[in-house]
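Participant: I'd like to ask some things about the structure below.
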Amino acid sequence: MVVSDNSASVAISVRSRLDFELLFKSLVAGLVCGFLAIVMSISSGSLLLPASMLRFLPAAIGMALFSTVLGALVSAISSRIRGAVSVVQAIPVVAIAGAAGAIAPGMTGRAPEAIFVTIVAATMVATVATGVVLLLLGYFKLGRLVRFVPFPVVGGFMAGTGWLVFQGGVSVLAGTPITLSTLGALTAPPMLLKGALAIAFIVAVAISQRRSKSGLVLPLTSFLALLLFNLVILTTGISFPVLHESGWLVPLPTGQGLWPPIALGDFASVDWLHLLVGMIAFPGIASVTVMALLMNATAIELDIGRDIDLDGELRSVGTQSLLAGLGGGMPGYPAVSLTLLARRLGAGNRITSLIVAGLTAATIVLGQFVLDIVPTPLLGSLLAWLGASLIVEWLIKPARRLRLGDYAIILLIFVVIVGAGFPSGILVGLVAAVTLFVIEYGRVETIRYALRGSEYQSNVEGSEERRRLLMSYGDAILILRLQGYLFFGTAERLRQTVLEQIAGKAGARARFIIADFHRVTGIDSSAVLSFLKLVQDARRESFTLVTTGGSAMVRDALRNGGLTPVENDVSLRLEDDIETGLAWCENTLLDEIAPEINNTRVQSLSGFLRKLLDSDADSNDLMSYFERVEVRAGAALIDEGAPSDDIYFVEAGHACVTIKGTEGSVHLAKIGPGAIVGEVAFYLGGARTASVIAEDGLVAWRFGRPRLRQLVIEKPVIASRLHEGLAAILAHRLASTNRLVRFIAD
C-alpha cells in the first residue's frame, strides 16, 4: 500500500512539473509573440493610408491591433494549426491600400475626415467580402488545391519570408525601415550598441542550445534578458521618454484613440460611389489573401511535419476576417514567424494565442505602458534569429539536395521577394508553379504501354488459324494505352510517336493505330487539336486512327472539338472499348490477307491436324482417334466444374466461353470454326474452369483421355508430336493470357 501511495505521489509530482513547465513556456511564448504581434500590427496598420492621410495613422494602427485581437482569439478556438498565432498581415493590407490609393484622388476637395471614413468603409467591405470568400472555399473543400504547389515554390516563399522576417528584425533594431537611404543609421553609435546586444543574445542562445537540447533554453534566455533589461532601467533611473527617443522602446502615437476608427454616425459621410470604384481591386485582395494563407499554412505544416486540415483553416480564417471586417479591421491569418517561434519556444498550444490576444487588447486599452516592458534589441534579435533560421533551412540547405532547375526556382522567388516585395514574389511563385507543372508533367509518359496486334488479340472468333495469321501479320496494328491528363505538350509528343510508327522507324509499319483512353483523366482543347492533326496525317499516310474507351467527359471533349468520323472516310473510327476496336482492326486486316478466315463457316479437322503435326499421313492416322459431336444452340459443349477428360476441336458453328460470377455468367471469349478448347483442364486433370455454350448449331470433334492412352500405346511417335503441338498452343495461350491480365489489371 505504501508503494502504491508513493507511486501515485510521484505521478502527481511529475504531472505537476510538466504542467508548470508547459504553462511557463506558454507564458513566455505568449509574451514574446504578443510583443512581436503588436509590432507587426503597428507596421501593417502603417501601410493602409496614403501619404496624404497620415494624420489618421493612429486610427489605422488601432484597426490593425483590433484585427490581431480577433484573429488570435478565433484562431485559438478554431484553427486547425496547433499553436497558430494569427495576426493582421501586410500582404492583404497592401492590397487594400491599393484600393485606398484609388479612392483618395477621386475625392479631391472633400474633407479629409470624409476621405478617411470612406477608406475605412472600403476596408471593412473588402475584409468582410474576403472572409466570405474564405468561408466558401473552406465549405466547398477547395483547400486541397494548394497541394499542387511544387516544393521549390514553397521553398522560395519560405526563404523570402525568412528574409522579410530578418529584415523586420533589423528594422526593429534600427527603429526605421531598412532601405538604401537609411543604411547609414546602422553605423550610428546607438545602433551599434543595440546591434552588439542583439548579437550577444543570439550567440548566448546558440551556445546554450548547443550544450542543452531542452526546449526551455530560448524562453529562459528571453526571460532573463527581459528581467535584466528592466532591472537596469530601475537601477539607473533612465526615463521612458529618453528610451523612446533613442529607440530602445517601441513608441505608440499619442493624442488620439486607437479604436474604434470611426463612429456609427460617420457612415453618413461615406462616398459610396468612390468606394465602389476602389472595390475594383477586390478580386486581387481576395486572391492574394487566399494564396498567402494557403502558402503560409503549407509552410507551417512542412515545418511541423504533418498535414493540416486546410479546408478547416480556410473556415477559421474566414471567420476571423468576417468578424474583423464588421468591427473595422483588416484581414489576417496565421503568421509563419510567430507560429514557428511559439513552437520553438516549446509552446505550440492555444494558450499562446490567447495571451497574444490579451496583450494586444491591453495595448489598445493601456497603450504605451505594455510596450515599455520589452526592449527593441530583444524583439529585433528574436526576429533576426528566426528569419536567419528560415533562410538557412529553405535557401542554404536545399542547394545540396535539389536539382539545379528546382533550386533555381527557389532562388528566383527569393530574389524577387528581396528586390520587389512579397506580392511580386507570390506572382512569380504562381508563374513558376505553372511553368514547373508544365515542364514536369510534360515529362510524364502518356503511353502507359504499347502492344502490337501480334502480341495481343481480341477475344472474338478465337480460332487457331486466326491466331496464327495475327501472330504473323498483327504488327500492322499498334495498340497504345494512354494515361493521365493530355494537354498540348504531351499530346503533340504522342502524335510524333505515332508518325514514327507509321513511318516504320520503330519496327514494322503500323496501319491501324488504336488510342485507348481508358486511363485518361482529362484532355484540353490543344490536345484535341493534336488528334485532329493526327486524323489529317491518317488521310495523307493511309492509316486508320481508332479511338477506344474514355470517360464521358473525355469523349465529349473529343467530339466537341471536331473528332467525329466522316462517311466513307476510313481514317478515323470511334469505338466504345478496346476489344471492339481491336476486333474491327483484326477483321479489316484479315479481310485483306486471308478473307476466307472471316467468311468461312467450316474448318476441317484434317486441315487442323495437318498444320498441328505438319504431316498428312500422321494427321490421317490421328483422325481415327477423334469422335464427332453435335451440340444444339444453347446447350453446353463443356460444363464448368465437370471432369476434364476431353479436348474438343470446333469444326463449325460458334460458342461462347463463360465463367460463373456473383451476378451471373461472365463472358470471356467467343470461339468459332478452327478453335480448340478444353486442353488446359485436360492436361491439369482437374475440374473444368469455364463453360462453353453453343450459340448456334455446333459441330465439334472430341479427343478423350482413353483415346490418348490408346494412342500412346499404338502410335507413340504421333502421340509425342500431338503433345508438342498442343504444348505450343498452350504456350501461346499463356502469353496471350498474361497480356490480357495486364489490360484487365490496368
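FYI, it's all coordinate maths here, none of it is from the lab. Just so it is clear, the structure is predicted and the values come from calculations on it, not from any experiment. Virtual Cβ from ideal backbone geometry, glycine too; neighbours counted across all protein chains shown.
Participant: So, counting K/R as plus one and D/E as minus one, what does the shell of residues with Cβ under 14 Å around residue 544 add up to?
Facilitator: Values: positive: 509, 511, 539, 540, 573; negative: 537, 541, 569, 575, 586, 591, 592.
Result for the local shell: -2.
Participant: Using every pair of alpha-carbon atoms in segment 27-172, split the distances into 5 Å bins beginning at 0 and state the percent of pairs per bin, rounded to integers.
Facilitator: Result, from short to long distances: 2, 8, 13, 18, 19, 17, 13, 7, 3, 1, 0 percent.
Participant: How high is the FRET efficiency between residue 151 and residue 508 when r is their beta carbon distance and R₀ equals 41 Å, given to the nearest 0.05? Please report the intermediate quantities before stating the final value.
Facilitator: On the way: r = 44 Å, r/R0 = 1.07.
The formula returns an efficiency of 0.40 here.
Participant: Then there's this: In nm, what is the difference between 0.36 nm times the number of residues separating residue 202 and residue 304 and their Cα-Cα distance? The partial results should precede the final answer.
Facilitator: Values: separation 102, 0.36 × 102 = 36.72 nm, distance 2.30 nm.
Full extension from residue 202 to residue 304 adds 34.4 nm.
Participant: Moving on to the next point. Just subtract the alpha-carbon distance of residue 633 and residue 144 from 0.36 nm times their residue separation and send over the number in nm, one decimal.
Facilitator: 170.3 nm
Participant: Hey, what do the phi angles of segment 262-269 turn into as Karplus ³J(HN,Hα) couplings, whole Hz, using 6.51/-1.76/1.60 and θ = phi - 60°, x for Gly and Pro?
Facilitator: 9, 8, 4, x, 5, 5, 5, 8
Participant: Now, a different point. I'd like the antiparallel share, as a percent to the nearest 5, of DSSP beta bridges with both residues in segment 447-599.
Facilitator: Working: 5 of 23 bridges.
In segment 447-599, DSSP labels about 20 percent of beta bridges as antiparallel.
Participant: Based on the Kirkwood radius over alpha-carbon pairs, what is the Stokes-Einstein translational diffusion coefficient of segment 323-410 at 37 °C with 0.692 mPa s viscosity, in µm²/s?
Facilitator: Numbers: Rh = 16.1 Å.
The Stokes-Einstein estimate is 203 µm²/s.
Participant: Here is a further query. What is the spin-label model distance, in nm, from residue 723 to residue 668 if the labels are put 7 Å beyond Cα along the C-beta direction?
Facilitator: In this crude label model, residue 723 to residue 668 measures out at 2.5 nm.
Participant: Once the Cβ-Cβ distance between residue 552 and residue 223 is put in as r, and R0 is 51 Å, what FRET efficiency do you end up with, to the nearest 0.05?
Facilitator: Numbers: r = 65 Å, r/R0 = 1.27.
Given R0 = 51 Å and the Cβ-Cβ separation, E is 0.20.
Participant: For segment 482-555, take the convex hull of the Cα atoms, compute a quarter of its surface area, and give me that in nm², please.
Facilitator: 4.5
Participant: Calculate how large, on average over all directions, the projected area of the Cα convex hull of segment 516-584 is; give the answer in nm² to one decimal. Don't skip to the answer; put the middle values down first.
Facilitator: On the way: hull surface 17.8 nm².
Averaged projected area of segment 516-584's Cα convex hull equals 4.5 nm².
Participant: Sticking with this one: With every atom except the alpha carbons ignored, what do you get for Rg and Dmax of segment 605-745, in angstroms?
Facilitator: Answer for segment 605-745, Rg first and Dmax second: 15.4, 49 Å.
Participant: Tell me the label-point distance for the pair residue 21, residue 400, using the 7 Å Cα-to-Cβ offset, in nm and rounded to one decimal.
Facilitator: 3.1
Participant: Can you figure out the FRET efficiency of residue 167 with residue 55, using R₀ = 35 Å and their beta-carbon distance, to the nearest 0.05? Let's see the in-between values first.
Facilitator: Working: r = 28 Å, r/R0 = 0.79.
So the FRET efficiency works out to roughly 0.80.
Participant: Write down the Å³ per residue value for the convex hull defined by the alpha carbon atoms of segment 281-346. Intermediate results must be reported in sequence, preceding the final value.
Facilitator: Details: hull volume 6.3 nm³, N = 66.
Expressed per residue, the convex hull around the Cα atoms of segment 281-346 is 95 Å³.
Participant: Calculate, in nm to one decimal, what residue 267 and residue 113 gain on full extension: separation in residues at 0.36 nm each, minus their alpha carbon distance.
Facilitator: On the way: separation 154, 0.36 × 154 = 55.44 nm, distance 1.10 nm.
Residue separation times 0.36 nm, minus the Cα-Cα distance, leaves 54.3 nm.
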